[in-house]
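Participant: Below is a structure I'd like to ask you about.
The values are calculated or read from the model by the stated rules, or taken from the named source; none is laboratory data. Owing to the predicted nature of the structure, the values given are computational and were not obtained by experimental measurement. Cβ placement follows ideal geometry from the backbone for every residue including glycine, while neighbour counts extend to all protein chains displayed.
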Amino acid sequence: MIEVEIVTGRTLDQGATVEEKLTEEYFKAVSYIELSEDDYGALNLKDGDRVKVKTAFGEVVVFAKKADLPKGVAFMPMGPYANAVIDPDTDGTGMPRFKGVKAKVEKTEEKVLSVKELLEAI
């Protein structure tokens, strides 16, 4: 298990598919976490592996991707998977904090739920 700080944000793929949230394209665009090469290696991950992301606000299983990030920083595209692990409190602003969410990440054999399954589980 590793500890990271999650940063969420928009991506081109997420933005291009946001109007079609139950499609396979949207699922692929938002159901992953990017990890640094060091963190990816620490978990002994390879392409297609799944990880469980746990925060004080929830947990979710997503696919792991290797990215050019600093050790200890992870990126998740905005969407239902990222929303499952961020603080829903908006401090009156109407927007939750999408940056700097402390998380634990571990390799898992659990299934990545489809968008529909994830929303039904919530």
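Participant: How many residues does the range 1-25 hold that are touching a residue at least 24 places away in the same chain (Cβ under 8 Å) and surrounded by fewer than 14 Cβ atoms within 10 Å (Cβ to Cβ)?
Facilitator: Of the residues in the range 1-25, 6 are touching a residue at least 24 places away in the same chain (Cβ under 8 Å) and surrounded by fewer than 14 Cβ atoms within 10 Å (Cβ to Cβ).
Here's the yes/no breakdown for (1) modelled with pLDDT under 95; (2) of a type outside the set (Asp, Glu); (3) over 14 Å from residue 82 (Cβ atoms):
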| residue | (1), (2), (3) |
| --- | --- |
| 5 | yes, no, no |
| 9 | yes, yes, no |
| 14 | yes, yes, no |
| 22 | yes, yes, yes |
| 26 | yes, yes, no |
| 30 | yes, yes, no |
| 36 | no, yes, yes |
| 55 | yes, yes, no |
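Participant: Working only within the range 26-73, note down all residues that are surrounded by fewer than 20 Cβ atoms within 10 Å (Cβ to Cβ), farther than 15 Å from residue 110 by Cα and touching a residue at least 60 places away in the same chain (Cβ under 8 Å).
Facilitator: 43, 44, 72, 73
Participant: Select from the range 106-117 the residues that are surrounded by 10 or more Cβ atoms within 10 Å (Cβ to Cβ), touching a helix residue (DSSP H, G or I) at 6+ places or on another chain (Cβ under 9 Å) and at pLDDT 90 or above and list them in ascending order.
Facilitator: Selection gives 112, 113, 114.
Participant: Please tell me if residue 103 is at pLDDT below 95, aliphatic (A, V, I, L, M) and surrounded by 17 or more Cβ atoms within 10 Å (Cβ to Cβ).
Facilitator: Against the criterion (at pLDDT below 95, aliphatic (A, V, I, L, M) and surrounded by 17 or more Cβ atoms within 10 Å (Cβ to Cβ)), residue 103 qualifies.
Participant: Of all residues in the range 33-66, which are within 9 Å of the chain's Cα centre (by Cα) and assigned to a loop (DSSP other than H, G, I, E, B)?
Facilitator: Across the range 33-66, there are no qualifying residues.
Participant: Which count do you get for residues in the range 74-100 that are modelled with pLDDT of 65 or more, crowded, with 17+ Cβ neighbours inside 10 Å and not in a strand (DSSP E or B)?
Facilitator: 9
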